[in-house]
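See structure below.
Bear in mind these aren't lab numbers, they're just calculated from the coordinates by the rules spelled out. No experiment lies behind these values; they were computed from the predicted model shown. Cβ placement follows ideal geometry from the backbone for every residue including glycine, while neighbour counts extend to all protein chains displayed.
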């Protein structure tokens, strides 16, 4: 009985976490493509980029800001924003999705970030041999971790610019960490401290029931129409969306017969970069009156195929998105 109560309590807590995560989402992230028959900007404008946070936006003074680097490094130190901006900086186009995004959700955006390689900076300070990872501390109380292998292999970026300007306060000014191929929970904003550690990873949402460790699976979304559409027999319906995850997208397909047959959805926009979405577009017509369900799936360059139903929502959801079409 006591065990059953613990399981029930854990489930209730998980559902509360989902609700909180969605409540704190900035309205722009929900309204980005609703009621639109056009694609969003391929590179999301800063003001349209989705936002999730655990509280208010921290007020950080540019002049007083210091990034404190502590823990298992030979030379613990701190950096001002000017000093961080003077480091060797590289650009990173990247698509990021909120781990709480639904299968038809809008909580996904793409920006071009510019910043320093976190591993290279730490290595210049002397990473000690017992170190296994890092823990980031944010000004709003958030925390997240990466392994040293992720830092080195993924090219984790300490971003100080977003789409050519200093990162806006709502998006994490003055420093946001970007781990390519992972959900937004692994991209902490308003970072004020990096601790090099030799203990298990610590993550804010992991401590609240989520599994934040897996990378983003191959996924797709429908931008428009939103949710459902009505057409006449043999009338063309224009449908557009995106696909991302799994390093790069190889193929997008759709079905109107519950997966019995699949048709290619042409990719109409993409760039030569890993972990960046592609846009696809189709025109569909139906010869019979009734209701059909159109579903979409994507495949990445490693032939990983998007799964039909991703029931483990606490590590991100990548189920086929769907569109209800009423034919009259």
Run through the DSSP bridge list for the stretch 192-327 and note the antiparallel percent, rounded to the nearest 5. 90
Which whole-angstrom value gives the distance between the alpha carbon centres of the stretch 97-170 and the stretch 277-316? 29
Kirkwood calc, the stretch 219-327, C-alpha pairs only, radius in angstrom 14.3
Which residue fluctuates most in the GNM of the chain (Cα springs below 10 Å): 303, 272, 82? 272
Using the count of nearby Cβ atoms within 10 Å as a rough guide to exposure, how do 127, 239 rank from fewest to most? 127, 239
Which semi-axis lengths, in whole Å and largest first, follow from the square roots of five times the eigenvalues of the Cα gyration tensor of the stretch 80-234? 32, 19, 13
Note to self, the chain gives a 222 nm [θ] from helices alone (DSSP H runs n ≥ 4, -39500 (n - 2.57) apiece, / all residues, nearest 500) of -4000 deg cm²/dmol
Can you compute the FRET efficiency between residue 120 and residue 258 using 1/(1 + (r/R0)^6), with r the Cβ-Cβ distance and R0 = 35 Å? Round to the nearest 0.05. 0.10
A correct fewest-to-most ranking of 242, 98 by other Cβ atoms within 10 Å would be 98, 242
Which entry is the computed Rg/Rh (Cα atoms, Kirkwood Rh) for this structure: (1) 1.01; (2) 1.08; (3) 0.95? (1)
I'd like the FRET efficiency for residue 305 and residue 47, computed as 1/(1 + (r/R0)^6) with the beta carbon distance as r and R0 of 30 Å, rounded to 0.05. 0.30
Of the DSSP beta bridges with both residues in the chain, give the percent that are antiparallel, rounding to the nearest 5. 90
Listing 170, 185 by rising number of other beta-carbon atoms within 10 angstrom, fewest first, gives 170, 185
Modelled FRET efficiency - R0 30 Å, residue 88 with residue 268, Cβ distances, 0.05 increments: 0.25
